[in-house]
Amino acid sequence: MDVSRRVMTSEERKGPPRVAVEIGEAYRNPTEVNMSQIVLPCHSNHCGELSAGQLLKWMDSTACLSAERHAGCSCVTASVDDIHFEHTIGVGNVVTIIAKVNRAFTSSMEVGIMVTCEDLYTDSHWRVCQAFATFVARRTQTGKVQLKQLIPQTQMEQMEYSLAAERRRMRLIHAEIITDLLSSSTAQLGECQEYQDAVPAERTRVESVELVLPPHANHQVSTFGGQIMAWMENVATISASRLCNAHPTLRSIDMFHFRGPSHIGDRLVLKSIVNNAFKHSMEVGVCAEAYQGGEPQRHINSAFMTFEVLDADRKARTLPRIRPEPVDGKRRYQEAVARKKIRLDRKYIISCKQNEVPLSVPWDPSNQMYLSYNNVSALKLMDTINNWVLASEKNNVRLYTLEENQTLCFKVEMNVSGSAEQTFHLLSDLTRRKEWDRHYQACEVITQADDDDTIYRVRTPSIRKGGKGQDFILLASCRKPCDIRDPYLIALRSVTLPTHPPTADYDRGEVLCAGFTIWEESGAVTKVTYYNQATPGVLPYISTDIVGLSSSFYSAFSACSDFLEANKDSLATSTAQAKKATNTSPLRKEP
């Protein structure tokens, strides 16, 4: 997404000085809201555990209060990202929910939610779940709300602020991508398998109606999003129970969007059915629709929930198979299989800590969105680190190092002439990197994953005489800024492709995290920073610079500066050529 940008100085990006706090008082985010609740029997289900629906109501209420504290007006829940419940909560435990705004956009904001639990008798604490919700500020009498920007004050706030932009991008394309993936995946699955002792899906169908009363609504008479989620969880639990004749445990809820509001007086119709049962888990689909009087039903929300049934040792039990209904039931059955794969990819790639993700992850269209997110978020995380150590400097080209958790990272900084947009345009095309980087012997495009993500094969020469060179399969994720507090960004990481296995002529190298951030310091000066989390395949090229025995990094980035200077007019030229081609196209209609 391109935006009009004004130049922002380094001091502006840092934000105003922090407000002084009294001695002994720790800094606290002004949007942070805490809720602590002791779990009573009235909050629990038949197993003596906190009802997931009750927890969702508390989470939504806390997040809404945080959003309204920042917006200064009423807010409504627009969407909730995937939620994975790591543990259950028993009666007598204390639940603590912390919510704070990570970033504000024009009229929407992302609120981060953390849920932890405390056992008062053993003084033990554990994490239950983490979630990200999007809230929209409601219009006022004077018109549309324009939210004030949030200024991060700590390294953690800066990281969440930066990642919020990438999560927002993923939300905006999520529905379209999931639809495409389901269409392509279900076409490859073939017919549903028939099992002799399978439970008919019709048996798990549940329908319930709720009348929206004032206690279910906020001060703007709109039904609380958390209340709707709680009602949806209730019917989904009944469906899951009918399949297994036992008490199920909710494990996860897929990302969902509220498609429209519900108000006091609405009749909310909730429908659920088990779409598919796997060995140890089942997927339940839930739909919420609202109506008043004789009007047609309005679609409010749909969600997919994953349940397990635990035995006495808290291990997942084997579940009975399900026999889908004809036509739509078979479609839902197949889509559930495809969603399960997507869910596993998402959990594997996004939920892992950066040092737990393998160097090269297999790429395919089903995990492209999550690999891209992981790629960008890893670079943004490195960009927020502030304890780098200056290792060498020559003619304003600076080499920094950082050693953490037995991992060595390095970054190179320099200022170049020209605009940030121009610099981004030139550096984002890896096929041109060989013009200034002697380590890039050749670079070819393998596939254009989408408008912002490309997979390349890069070949590098051997650093030892007579040795083999290396090749890398790299996913390049390029991002333009959302606003003036974001840099241009080019993130790189290794992936594996079955069409491009290692060859005998090259050693296969791997990149865990690398790339550029590009900031416009002034109208004619741009700050370029290159990051790399050193791996065995990368370290030989930079080791002598890090120990001070060479300054080849200076030569490479001086060549980069010369390359940018020599091609500083290429963006304007290519834009003019594209405009000319559009104007002279035979398909262009005359006014």
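The values are calculated or read from the model by the stated rules, or taken from the named source; none is laboratory data. Bear in mind the structure is a predicted one, so any value in this text is a computation, not a measurement. In this analysis, Cβ positions are derived from the backbone assuming ideal geometry, glycine residues included, and neighbour counts consider all displayed protein chains. Accessible surface is based on the protein model in full, side chains and every heavy atom, while ligands, DNA and RNA are left aside. Shrake-Rupley method; radii C 1.70, N 1.55, O 1.52, S 1.80 Å.
So the values come out like this:
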read-out: Meets criteria (in contact with a Pro (Cβ under 7 Å, 6 or more places away or on another chain) and either surrounded by fewer than 20 Cβ atoms within 10 Å (Cβ to Cβ) or assigned to a loop (DSSP other than H, G, I, E, B) (or both)) for Ile446; value: no
read-out: So Val309, is it at pLDDT 90 or above and either more than 29 Å from Ala78 (Cβ to Cβ) or open to solvent by 20 Å² or more (accessible area, probe 1.4 Å) (or both); value: yes
read-out: Residue in region 568-578 that is farther than 28 Å from Ile455 by Cβ, assigned to a helix (DSSP H, G or I) and either at pLDDT 65 or above or open to solvent by 30 Å² or more (accessible area, probe 1.4 Å) (or both) present; value: yes
read-out: Region 373-398: number of residues that are assigned to a loop (DSSP other than H, G, I, E, B), more than 14 Å from Gln155 (Cα to Cα) and in contact (Cβ under 8 Å) with a residue 60 or more places away in the chain; value: 1
read-out: Region 27-51: number of residues that are closer than 15 Å to Val95 by Cβ, part of a loop (DSSP other than H, G, I, E, B) and open to solvent by 10 Å² or more (accessible area, probe 1.4 Å); value: 4
read-out: Pair list, Cβ under 9 Å, 6 or more apart: region 263-279 residue within 14 Å of Arg205 (Cβ to Cβ), other residue open to solvent by 10 Å² or more (accessible area, probe 1.4 Å) and part of a loop (DSSP other than H, G, I, E, B); value: Val269/Gln297; Lys271/Arg205; Ser272/Arg205; Ile273/Arg205; Ile273/Glu325; Val274/Arg205; Asn275/Pro324
read-out: Index of the failed condition, Arg464 passing every other in (1) outside any strand (DSSP E or B); (2) closer than 19 Å to Leu497 by Cβ; value: (2)
read-out: Residues located in region 83-110, provided they are farther than 30 Å from Thr122 by Cβ, surrounded by 19 or more Cβ atoms within 10 Å (Cβ to Cβ) and not polar (S, T, N, Q); value: Val101, Arg103, Ala104, Met109, Glu110
read-out: Considering residues of region 151-182 that are open to solvent by less than 30 Å² (accessible area, probe 1.4 Å) and within 19 Å of Ala303 (Cβ to Cβ) only, the residue nearest to the chain's Cα centre (by Cα); value: Arg167
read-out: Within region 529-562, tally of residues that are in contact with a strand residue (DSSP E or B) (Cβ under 9 Å, 6 or more places away or on another chain) and either open to solvent by less than 20 Å² (accessible area, probe 1.4 Å) or modelled with pLDDT of 65 or more (or both); value: 19
read-out: Neighbours by Cβ (under 6 Å, 6+ apart or cross-chain): first from region 158-181, farther than 18 Å from Ala338 by Cα; second assigned to a helix (DSSP H, G or I) and open to solvent by 30 Å² or more (accessible area, probe 1.4 Å); value: Met159/Leu381
read-out: Odd one out for Val286, checked against (1) in contact with a helix residue (DSSP H, G or I) (Cβ under 8 Å, 6 or more places away or on another chain); (2) under 18 Å from Met59 (Cβ atoms); (3) at pLDDT below 95; value: (3)
read-out: Search result, residues across region 183-222 that are assigned to a helix (DSSP H, G or I), at pLDDT 75 or above, open to solvent by 20 Å² or more (accessible area, probe 1.4 Å) and of a type in the set (A, V, I, L, M); value: none
read-out: Among the residues listed as Glu393, Glu404, Glu356, Glu335, the single one being at pLDDT below 90 and crowded, with 19+ Cβ neighbours inside 10 Å; value: Glu335
read-out: Checklist (1) at pLDDT 85 or above; (2) at positive phi applied to Tyr291, failing item; value: (2)
read-out: Hits in region 421-443 - residues which are open to solvent by less than 50 Å² (accessible area, probe 1.4 Å) and touching a residue at least 40 places away in the same chain (Cβ under 8 Å); value: Gln422, Thr423, Phe424, Leu426, Leu427, Ser428, Leu430, Trp436, Asp437, His439
read-out: Checking Leu344 against (1) closer than 30 Å to Leu512 by Cα; (2) in contact (Cβ under 8 Å) with a residue 24 or more places away in the chain, the condition it does not meet; value: (2)
read-out: Whichever residue in region 473-487 is open to solvent by 10 Å² or more (accessible area, probe 1.4 Å) and part of a strand (DSSP E or B) and, among such residues, is nearest to Gln153 (Cα to Cα); value: Arg479
read-out: Leading residue by the ranking (surrounded by the most Cβ atoms within 10 Å (Cβ to Cβ)) among those in region 490-511 that are polar (S, T, N, Q) and assigned to a loop (DSSP other than H, G, I, E, B); value: Thr503
read-out: In region 127-168, residue farthest from Pro261 (Cα to Cα) [restricted to those that are among the hydroxyl-bearing types (Ser, Thr, Tyr) and assigned to a strand (DSSP E or B)]; value: Thr140
read-out: Region 111-133, residues that are within 23 Å of the chain's Cα centre (by Cα), of a type in the set (Val, Ile, Thr) and open to solvent by 20 Å² or more (accessible area, probe 1.4 Å); value: Thr116
